[in-house]
Structures are given as structure tokens and as C-alpha cells.
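The next block holds one structure in the form of C-alpha cells; read it before the comments.
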Amino acid sequence: MQKSENIVFMKLRFILLHIGSLGVFFVKFKLSLLWLFMISFFIKAFGFEAGYHRYFAHKSFKTSRIFQCILAFLGAAGGYRGPLWWAAYHRFHHRYADTKQDIHSPSHHSFWYAHMGWFFNKTILDTDFKRVKDFAKFPELVFLNKYHYICPIVILIAMYFLGEKTSLMGSDVNGLQCVIYGFFLSTLLGLHTTFAINSIAHRQTCLGVRRFSTKDMTRNISFLALPSMGGAWHNNHHRFASSARAGFYWWEIDLAYYMLKILEFFKIIWQVRGVPAHILAEGRLIIDHRKIT
Ligand SMILES: [Zn+2]
Ligand SMILES: [Zn+2]
């Protein structure tokens, strides 16, 4: 068991993230800041969805020790806490999805608790290495898991210097603008997108559809597919969680999977697990049945 950092420090960081994001109303907007926001948002979202979720929690592909460390850094940079902590609780979530033991099920908790309240539950702050034995053997991951907050701080400092440097070279943005768009806003929206998978994609709502009749309450939430990099195809995912692909069909946009296929082409990752033909056929049968009835 690895002890987590102080809960007050954690809450303070989260509040500061919200306050810092309000800076968008006080600094001048430039088109280049929108690009910076998008790049920063999607890099961190990839670290989370491809790294924390599909790799550390579900082992849906294999990679080198260096690249798994990069994935851990990028995910931690998004403020999702330690990779081993997150993977351990996510494995637990799949095991008990939407039962009383599920730590963030909206079926047994309020909307806001399922969204982000659980993240600050004092009883689940430590990392149980027994649930992530496969990755706990890497000291660099154990280090990043304990000191995960260093990663967002590195991004914050990098954004400031990026802004100040480009400002010197004649660009029209400064360090503060880059910090607000490239760090605060992108991190805040990234976190809330991911939290929404628990609060929205796990409840009975008209916002999503259930393709597979899984034991849980999961739904595919198409309008979150793009910002979540495919994570919002959550009913698909709970049907076959060990796949590196969450958008099972060509029309289900899954940016994390497309990126993984590119990385596989360049041999940075390998043994990328797909969706078995019988599950794809099962899904198609349900789609066809809905068209007829
Ligand atoms: Zn889930
Ligand atoms: Zn999962």
C-alpha cells in the first residue's frame, strides 16, 4: 500500500484549477491560444484514455518501459492522480460496476459524488499495489504514482516559458495567456470530460444508448466521444473491456484508437487487442434489429 499525499493539498489544487481557469475572462483571446488549448487538451486526454485507461487498467496493448513511462507522465499531467492508483480503482470499478461496491456509481451515489466527489473520498486515497502487481514492479511508475502532482507543475512551468519565449520572438501571446489556456483551462475541461463518463455514461438517461445489455447501467454517449478520445463509447467498453478499441464500428469516432494504430505502425506499441468478431456481430445484430422494429 502506498500512502497518498495530503487531502487538503489535493483539494486546494482542484480549487486553484477552477479559479485559474476563470482567467480566460481576464486575458486577451488569440487564435493561437485556441490551438495551444487543443494540443494540450488532446495530449493529456491521450495520456489518460490510451495510457491510464486502455494500458494501465486494461492492458489492451504492449509497449516499452520508456513509452509506458511517457504515458504515465502525460496522464498524470492531466491531473488524474497516480497511474497505479487510477488503474487499481478502475479495475475494481469494472469488477463491481453499478453495484454497491462500485466507488463512483450514480446508481448508488448522487450525480455530483459520481462525477467528482469520489475523487476526494479519504478512504480510497492510498494505492493498493496488490491490484496492480503487474505495474507496481517498476520503480519509476511507483515514483510517478506518488509524486504525480509534479507532472502538472512541469506543464504549467513549460507553458509559462513557452509564452514568454514566443513573446520575445514577436508572437502576440505571453506566459500568463499560455498558462491559462494551455494549462488551467485544458486540464479543467479534460478532468470534467473524464468525470462525466462516470456521472453520465453510467446512468439511465436519454443522453445515450445501450447497445449491449451488460449487467451495469452503461451507455454510449456520442456527444462526448470526441473530447474523451473514444472513452464515451462506454457501453461498448464494458461489453469488452480488454480491447484497445472503444468505438467498435467505423462511425464511432475513437481518436485514442486511431493514435494507437499509428503508434503500432511505428512499432512503438504492439499486440494491440481488437474486438472479437462475435462481439462485433452481436452489436450489428442489435443495430439491425432496432432498424426493423
Ligand atoms: Zn465504467
Ligand atoms: Zn475501463
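The values are calculated or read from the model by the stated rules, or taken from the named source; none is laboratory data. Small disclaimer: the values here were computed from a predicted structure and weren't measured. Every residue, glycine as well, gets a Cβ built from its backbone with ideal geometry; the counts of neighbours run over all protein chains shown. The area values use the complete protein model at the heavy-atom level, side chains included, leaving out ligands, DNA and RNA. Shrake-Rupley method; radii C 1.70, N 1.55, O 1.52, S 1.80 Å.
Computed values, structure above
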quantity	calculated
Computed over the range 118-201: relative contact order in percent, which uses C-alpha pairs under 8 Å that are six or more apart	17 percent
Proximal charge balance of Ile103 [Cβ under 14 Å; K/R count +1, D/E count -1]	+1
Violating pairs (Cα-Cα greater than 27 angstrom) within the set Lys3/Lys137; Lys100/Lys133; Lys137/Lys215; Lys215/Lys267; Lys59/Lys261	Lys137/Lys215; Lys215/Lys267
Alpha-carbon centroids, the range 175-244 and the range 84-125: separation in whole Å	15 Å
Global form of the range 1-117, assessed from the alpha-carbon gyration tensor, a/c cut-off 1.5	oblate
Computed helical MRE - 222 nm, the chain, DSSP H runs ≥ 4 contributing -39500 (n - 2.57), nearest 500	-15000 deg cm²/dmol
Protection proxy ranking, peptides 207-219, 125-137, average beta carbon neighbours within 10 Å, highest first	207-219, 125-137
Which of Trp251, Trp233, Trp35 is most accessible, then next, and so on - probe 1.4 Å	Trp35, Trp251, Trp233
Length added when fully stretched, His94-Trp112, from 0.36 nm per residue minus Cα-Cα	4.5 nm
Relative contact order (%) - criterion: Cα under 8 Å, at least six apart; region: the chain	23 percent
For the range 186-293, with +1 on Lys and Arg beta carbons and -1 on Asp and Glu, the positive-most of Phe248, Phe266, Leu191 along the dipole	Phe248
Rounded FRET efficiency, nearest 0.05, which uses the C-beta distance separating Asp172 from Gln204 and R0 of 41 Å	0.30
Cα-projected label distance for Glu140 with Lys261, points at 7 Å along beta-carbon direction, nm	2.9 nm
Full-stretch length increase - Trp250, Leu16 - with 0.36 nm per residue and alpha-carbon distance subtracted	80.3 nm
Cβ charges +1 (Lys, Arg) and -1 (Asp, Glu), total dipole of the range 73-145, debye	160 debye
Packing-based ranking, highest mean first, of 256-265, 269-278, 182-191 given that Cβ atoms within 10 Å are counted	182-191, 256-265, 269-278
Volume in Å³ per residue [convex hull over Cα atoms, computed for the range 7-292]	145 Å³
Solvent-accessible area, 1.4 Å probe, carbon plus sulfur percent, for the range 89-236	64 percent
For the chain, accessible area per residue (1.4 Å probe, heavy atoms of protein chains only), Å²	49 Å²
Student exercise, the chain dipole from Lys, Arg, Asp, Glu Cβ charges, in Debye to nearest 20	620 debye
